[in-house]
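Peer 1: Mind having a look at this structure? Questions to follow.
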Amino acid sequence: MLETGSEAGEVRKFCLSVPGIDGASELETESVIIPMRHRTGPSRTLCVSSQVGCAMGCEFCETAQMGLMRNLSPAEIVSQWWCATHTLGERISNIVFMGMGEPLDNPESVIGAIEILTDHRGPSVAMRRITVSTVGRIDGLELLREQMSRPGWKQLGLAVSVNAPNDEIRSRIMPINRAMPLGDLVPVLEGWPLRSGSAICVEYVLIPGVNDAPEHADELAALVRHVRCCVNVIPYNPRRDSPWPAPTEQACWEFLGRLESRGQFCKLRKTKGRKTMAACGQLGNERIRRRRFVELTTPADAGP
Ligand code: SF4
């Protein structure tokens with residue numbers, strides 16, 4: 001295990017070494033520990049990777065630049081929790097599948113890892129403290145939905161990266177949308193089996209000049225009006241060679257204000273770890289990127 005960055009009182013980023021698909025070479029997973037502050041006191045959230053690299057090709061994401069190298073096994077996912085807890089000595093209260101990779105591109109391992117993480121004879125993490133974040137893979141969502149009938153699984157949190165108010169913008173920044181457009185995704189979210197009092201987290205990376213206009217906020221509020229959700233506005237964290245800058249704080253608050261004025265419950269995610277490339281959308285190891293094994297493919301390439 002290698003700790004690759006930390007900022008005082010802020011995030012800790014660490015890598016675990018895993019074998020490459022040829023069995024001889026070496027790859028790395030990346031995980032981030034994020035300190036949070038709640039009404040009840042401080043806590044630590046662990047952001048885990050489910051793949052090395054990612055095949056989804058989102059334009060705003062550092063990991064996408066790597067392409068997919070391989071899926072992680074349930075054991076390799078759980079190892080990230082083990083290292084955070086036992087090697088780094090952090091007390092982890094929440095786990096989010098928001099690190100490298102699209103969790104629902106590797107659903108069997110993710111489901112297997114959740115089974116282990118919540119096992120009372122092992123890590124014993126409460127299901128309601130785990131969130132799976134997806135780019136909106138409808139096939140994977142259907143698989144996950146099947147799990148919801150199992151005891152306790154309805155407590156699992158769901159976050160979905162929407163990031164655009166319409167198909168035109170979304171297809172430009174998220175290739176998945178060409179195969180699984182909003183018209184198919186939103187009804188799945190509307191019918192999602194939520195536990196009482198909970199909501200889906202609709203993630204919206206705010207990118208200057210792309211999806212940050214006031215009318216985009218109006219369109220987004222209309223798009224998700226029947227989804228029980230909180231829109232989490234995430235200020236864009238520039239990846240390497242990014243064509244866009246980060247939004248100003250004022251632009252973020254204006255977008256949030258506009259959503260609120262349309263009756264949409266929303267929050268602004270505080271940016272943490274940008275300096276150490278540990279912030280949302282910034283994971284991706286340049287060293288590994290030079291050793292690409294699998295060319296970048298998207299569901300759009302494979303056809304619907
Ligand atoms: S945002 Fe998520 S799904 Fe999209 S390329 Fe990055 S890691 Fe993959």
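Peer 1: At a threshold of 8 angstrom on Cα-Cα distance, excluding pairs fewer than six apart, so keeping six or more, what relative contact order does the chain reach in percent?
Peer 2: 20
Peer 1: Pulled fully out, how much extra length does the chain show between Leu143 and Glu26, if you take 0.36 nm times their separation in residues and subtract their Cα-Cα distance?
Peer 2: Additional length available on full extension: 39.0 nm.
Peer 1: In terms of modelled amide H atoms, which long-range or inter-chain residues lie less than 5 Å from the amide H of Asp212?
Peer 2: Ile207
Peer 1: Per residue, what volume in Å³ does the convex hull of the Cα atoms of the chain enclose?
Peer 2: Taking the convex hull of the Cα positions in the chain, it is 134 Å³ per residue.
Peer 1: Shifting gears a bit: Kindly write out, for the range 183-190 in residue order, the coupling ³J(HN,Hα) from the Karplus curve 6.51 cos²θ - 1.76 cosθ + 1.60 (θ = phi - 60°), rounded to whole Hz, with x marking Gly and Pro.
Peer 2: x, 8, 6, 4, x, 5, 6, 4
Peer 1: Per the Cauchy relation, a quarter of the hull surface: what is the mean projected area of the convex hull of the alpha carbons in the range 14-144, in nm²?
Peer 2: Result: a mean projected hull area of 8.8 nm².
Peer 1: For every helix of n ≥ 4 consecutive DSSP H residues, a contribution of -39,500 (n - 2.57) applies; sum these over the chain, divide by its total residues, and give [θ] at 222 nm rounded to the nearest 500 deg cm²/dmol.
Peer 2: Helix contribution divided over all residues of the chain: -7000 deg cm²/dmol.
Peer 1: Something else: Work out the charge dipole of the range 2-286 with +1 on the Cβ of Lys and Arg and -1 on the Cβ of Asp and Glu about the Cα centre, then indicate which of Phe97, Trp82, Ser196 is farthest towards its positive end.
Peer 2: It is Ser196, whose Cα lies furthest towards the positive end.
Peer 1: Going highest first, how would you order 159-165, 262-268, 14-20 by mean Cβ packing within 10 Å?
Peer 2: 159-165, 14-20, 262-268
Peer 1: Right, something else. Dipole of the chain, Cα-centred, from +1 at each Lys and Arg C-beta and -1 at each Asp and Glu C-beta, to the nearest 20 debye?
Peer 2: Approximately 1000 debye in magnitude.
Peer 1: Follow-up. Quick check: residue separation of His86 and Ser73 times 0.36 nm, minus the Cα distance between them. What number comes out in nm?
Peer 2: Using 0.36 nm per residue and subtracting the Cα-Cα distance, I get 2.7 nm.
Peer 1: Using just the C-alpha positions of the range 72-153 as equal point scatterers, what log10 of I(q)/I(0) does the Debye formula give at each q in 0.12, 0.18, 0.22 1/Å?
Peer 2: Taking Cα atoms of the range 72-153 as identical point scatterers yields -0.33, -0.75, -1.11.
Peer 1: Next question, about the same structure. Can you give the extra length, in nm with one decimal, that the chain gains between Val188 and Arg39 once fully stretched, where that is 0.36 nm per residue apart less the Cα-Cα distance?
Peer 2: That pair, Val188 and Arg39, stretches by 50.4 nm at full extension.
Peer 1: Separate question: Using DSSP to call loops (not H, G, I, E or B), can you name the trypsin sites (Lys or Arg not before Pro) in the range 189-261 whose Cβ has at most 11 other Cβ atoms within 10 angstrom?
Peer 2: Sites meeting the loop and neighbour criteria: Arg240.
Peer 1: While we're on this one: Got a sec? Charge dipole of the chain, +1 on Cβ for Lys and Arg, -1 for Asp and Glu; which of Thr271, Thr40, Ala217 is way out at the positive end?
Peer 2: It is Thr40.
Peer 1: For labels at Arg262 and Gln250 in the simple 7 Å Cα→Cβ model, what's the distance in nm?
Peer 2: 2.3
Peer 1: Give me the base-10 log of I(q)/I(0) for the range 27-78 at each q in 0.21 Å⁻¹, Debye formula, one uniform scatterer per Cα, rounded to two decimals.
Peer 2: Summing over Cα pairs of the range 27-78 leads to -0.80.
Peer 1: Label Arg228 and Glu168 with points 7 Å out from Cα along Cα→Cβ: what is the distance between them in nm?
Peer 2: 3.4
Peer 1: Counting only residues 5 or more places away or on other chains, whose amide H sits under 5 Å from the amide H of Asn232 once H atoms are built in the peptide plane?
Peer 2: Those lying under 5 Å, H to H, from Asn232 are Val202, Glu203, Tyr204, Lys267.
No value in this document is a laboratory result; all are computed from the given coordinates. Owing to the predicted nature of the structure, the values given are computational and were not obtained by experimental measurement. Please note: Cβ atoms are built from the backbone with ideal geometry, for glycine as well, and neighbour counts cover all protein chains shown.
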